[in-house]
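Let me begin by presenting the structure, written as C-alpha cells, before commenting on it.
Every number in this text was worked out from the coordinates using simple rules, so none of it is lab data. Treat the numbers as computed from the prediction; the structure is a model and nothing was measured. Note: ideal-geometry Cβ built from the backbone for every residue, glycine included; neighbour counts use all protein chains shown.
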Amino acid sequence: MADGATVRKRMIDAGESLLAQRGYGITMLDVMHKAGTPRGSIYYHFPGGKEELAIEVAHKVGDDVERLVADLGAKKRNPTAFLQGLVDFQTAKLVDSDFGEGCPMLGVTVSVDIDSPELDAAVAATFERWATAVAIELRSMGLSATRSTNVATTVVAAIEGAMVICRATRSAQPLKRVRATVPSLVA
C-alpha cells in the first residue's frame, strides 16, 4: 500500500495533467481516477477540494519551472541558446502530449468559474516565478536588469500564447516561430 505522501504526490501530478488538458473544469473524481487513488484520498489529502489541489499544482509548477530554468541556465550560458532551450522544452512537452496538454496555470487562468483570491494569487505567483527565474539567468549572462526583466516577460508570454495557438492548430509552428524570434530579443 502506498504511503500518504506518495498518494498526495500522485494526485498533484494527476491534477497538473488534467488542468493542462481541460482547465479548472476538472473534478476531484477525475483526479482520483487518473491518479488511481481511493475515493477517501480526496477528502484526506485535499479537504479544501479542487481549489486546494489547484493551489498545490501551482506551487509544484513554480518549483518545476525554477528548476528547469536553473538547469538550462547552467548548461546554456548564451542568452539565445538558453531562451531557445526553454522554447524547445515546451515544444517537446506539447508535441509529446499530441497537443493535448498546455500549461496548467493557463488552464486555470482562462476558467471563468473561479472565485478564489488564494488560487488567483498562487497562479500569478507561478507566472512571476517563471519570469523572475528567466530574468535572473539572463542577468547572469550579462543583460541589464531592465532588459533581462523585459525579455523574460516577453518570452514567457510568447511561449504561453504560442502554446494556445499550437493546441488550437495542432501544430508546433507557433512555438517554432517564437524560437526563431528569440535572437532578435537578445541581439
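Counting only helices (runs of 4 or more DSSP H) that fall entirely inside the stretch 18-98 and contain at least 2 residues that are of a type in the set (Phe, Trp, Tyr) and over 30 Å from ALA172 (Cβ atoms), the qualifying elements are 40-45.
Being crowded, with 16+ Cβ neighbours inside 10 Å and within 24 Å of THR126 (Cβ to Cβ) is the filter here, so list the residues in the stretch 38-50 that pass it. Hits for the stretch 38-50 are ILE42, HIS45, PHE46, LYS50. Candidates are the residues of the stretch 144-160 that are of a type outside the set (A, V, I, L, M, F, W, C) and surrounded by 14 or more Cβ atoms within 10 Å (Cβ to Cβ); the one that is nearest to LEU94 (Cα to Cα) is GLU160.
Scanning the stretch 109-148 for residues that are out of contact with any helix residue (DSSP H, G or I) (no Cβ under 7 Å at 6 or more places or on another chain), within 21 Å of GLY49 (Cβ to Cβ) and either polar (S, T, N, Q) or not in a helix (DSSP H, G or I) (or both) returns VAL112, ASP115. Within the stretch 114-143, can you find the residues that are free of Cβ contacts under 8 Å to residues at least 60 places away in the same chain, of a type in the set (Gly, Ala, Ser) and within 20 Å of LYS93 (Cβ to Cβ)? Selection gives ALA131 alone. As a summary of the residue check, THR126 satisfies the conditions (1) buried (at least 21 other Cβ atoms within 10 Å of the Cβ); (2) touching a Cys at 6+ places or on another chain (Cβ under 7 Å) except for the one numbered (2).
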